[in-house]
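Read the structure below first, then the notes.
The values are calculated or read from the model by the stated rules, or taken from the named source; none is laboratory data. Given the structure is predicted, the values throughout are model-derived calculations rather than measurements. FYI the Cβ positions are ideal-geometry reconstructions off the backbone, even for glycines, and counts take in every protein chain you see.
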Amino acid sequence: MTAAPAKSVEAYLEALPEDRRAVIARMREIALRTLPGFSEGMEYGIPYYRRGPHDAIGFSSRAQYVAIYAGENVLSAHRRPLEGHDAGNGCVRFARIDAIDWALVESLFRTASA
């Protein structure tokens, strides 16, 4: 049996292990700071930020990685900085949460906002 999906970002955070909670909370703080005009909510069982029908970015904690989900326009704008990262199909996966490139994370969010 699996747990029911979280109904809010706060509930999503609360359900995470402490180390993952800190990482996802930091991503949330970056999102709230860099995405003016976006609404925060839950989509596909993960925190998502949306402005209109096409501008969206989200993130999640998975068993083997933390991921950011963004449109192809955001990822293609970061092709060079994403070299060496596990990226593709609309997401960037960080397997080591202690080695997340926070400047890259912020840049991804700022590009989504542009």
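Things to note:
- The sole residue among 49, 12, 69 that is modelled with pLDDT of 90 or more, on the phi < 0 side of the Ramachandran plot and in contact with a Cys (Cβ under 6 Å, 6 or more places away or on another chain) is 69.
- If only residues of the stretch 20-41 that are among the hydrophobic types (A, V, I, L, M, F, W, C) and in a helix (DSSP H, G or I) are counted, the one that is nearest to residue 100 (Cα to Cα) is 23.
- Of everything listed in (1) more than 15 Å from residue 111 (Cβ to Cβ); (2) out of contact with any strand residue (DSSP E or B) (no Cβ under 8 Å at 6 or more places or on another chain), the single unmet condition for residue 48 is (2).
- Residue match in the stretch 87-99 (condition: surrounded by 12 or more Cβ atoms within 10 Å (Cβ to Cβ), more than 14 Å from the chain's Cα centre (by Cα) and in contact (Cβ under 8 Å) with a residue 24 or more places away in the chain): no
- Among the residues of the stretch 42-86, those that are part of a strand (DSSP E or B) and either loosely packed, with under 15 Cβ neighbours inside 10 Å or not hydrophobic (A, V, I, L, M, F, W, C) (or both) comprise 43, 47, 48, 49, 50, 51, 55, 58, 60, 61, 69, 86.
- One residue from 30, 24 being in contact (Cβ under 8 Å) with a residue 12 or more places away in the chain, surrounded by 15 or more Cβ atoms within 10 Å (Cβ to Cβ), on the phi < 0 side of the Ramachandran plot and in contact with an Asp or Glu (Cβ under 6 Å, 6 or more places away or on another chain): 30
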